[in-house]
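Below you'll find the structure, written out as structure tokens, and then a few comments.
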Amino acid sequence: MHIQLPALSGIIFTYLLVFARVGAMMMLLPGIGTMGVPARVRLVLALAVSFALTPTVQNQYPAEAPQTAIALAILIGQEVTAGVLVGAMAAVIMSGLQIAGALIATQIGLAYAQTVDPTQNTQGAVVGNFLTLLGTVMIFATDLHHLAIGAIAGSYRMLPPGGHLPTADMAQLVIQLVSSSFALGFQLAAPFLVFGFAVYAALGILAKLMPQLQVFFVAVPINILCGFVIMMALLGSMITLFLNYYTTSMGIFL
């Protein structure tokens, strides 16, 4: 069966372009585009969101398909690029928890405890994986995943179909979100960094006063125990700070 390009017109043509953008976003959105979600589930969700979104954005797309395959490929490529941008920025926002977890694990002596991250199908520090999973659960528990779905519709305001991609604005947005996510990771890990500095300074003084003391065997259990105590005390505040940052950052795309 051969499909002629002029035959792709009207609502069918618009639906295919909307699906190209929505499908690219769904591959990267937190919680939805993770490796733990079956590919068929993500496909069905992308098809459903595209079906609901098509009537509202149909007037922004051309009524008929381009006459050449190259022009059609360029149009689809622009839609996929727009979808990847929004989805990747949502993933960058989530990376702040991985940064915080890596810093905390290094500080309390659990950096070598590497486990598989089910959200990315990669290995990472156990504390970072825990914070990422907890952050994802809290996003769905507080209904903030609606912001991610709303960002799909909001992307048509930032990146309208058929126009030139604002590469300068896109690069500035990427730099802004990467730097703010990195800063968030340091903010979440700041109490542990201060604690580590105080503990290591005290142990250094103790080692000078008692050279015969095996400081390493004393420091590691104390460091891990105190790290878990601080995490238990501050976990609620850390997740609240992350959720506020997620709300503010995802609000850019609305």
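Bear in mind these aren't lab numbers, they're just calculated from the coordinates by the rules spelled out. What you are looking at is a predicted structure, and each value in this text was computed from that prediction instead of being measured. All Cβ positions, even for glycine, are placed from backbone atoms using ideal geometry, and neighbour counts span all protein chains on display.
Odds and ends about this structure:
- If R0 is 51 Å, the Cβ-Cβ spacing of residue 222 and residue 137 corresponds to a FRET efficiency of close to 0.95.
- P(r) for the chain, from all Cα pairs and a bin width of 5 Å, is 1, 6, 12, 14, 14, 12, 10, 8, 6, 5, 4, 3, 2, 1, 1, 0, 0 %, short bins first.
- Highest-first packing order for the peptide set 87-94, 196-203 is 87-94, 196-203, based on the mean count of other beta carbon atoms within 10 Å.
- Projected over all directions and averaged, the alpha-carbon convex hull of segment 167-218 occupies 5.0 nm².
- Here the contact order of the chain, divided by its residue count and restricted to Cα pairs under 8 Å and six or more residues apart, works out to 24 percent.
- When the Gaussian network model of the chain links Cα atoms closer than 10 Å, the mean-square fluctuations of 100, 24, 153 top out at 153.
- Estimated translational D of segment 9-103 in µm²/s (Stokes, Kirkwood radius over Cα pairs; 25 °C; 0.890 mPa s): 170 µm²/s
- For segment 168-254, the average shadow cast by the Cα convex hull is 7.5 nm², which is a quarter of the hull's surface.
- Whole-Å distance, taken between Cα centres, linking segment 167-235 and segment 35-61: 42 Å
- Ordering 74, 162, 178 by the projection of their Cα atoms onto the charge dipole of segment 5-253, which places +1 on the Cβ of Lys and Arg and -1 on the Cβ of Asp and Glu, puts 178 at the extreme positive end.
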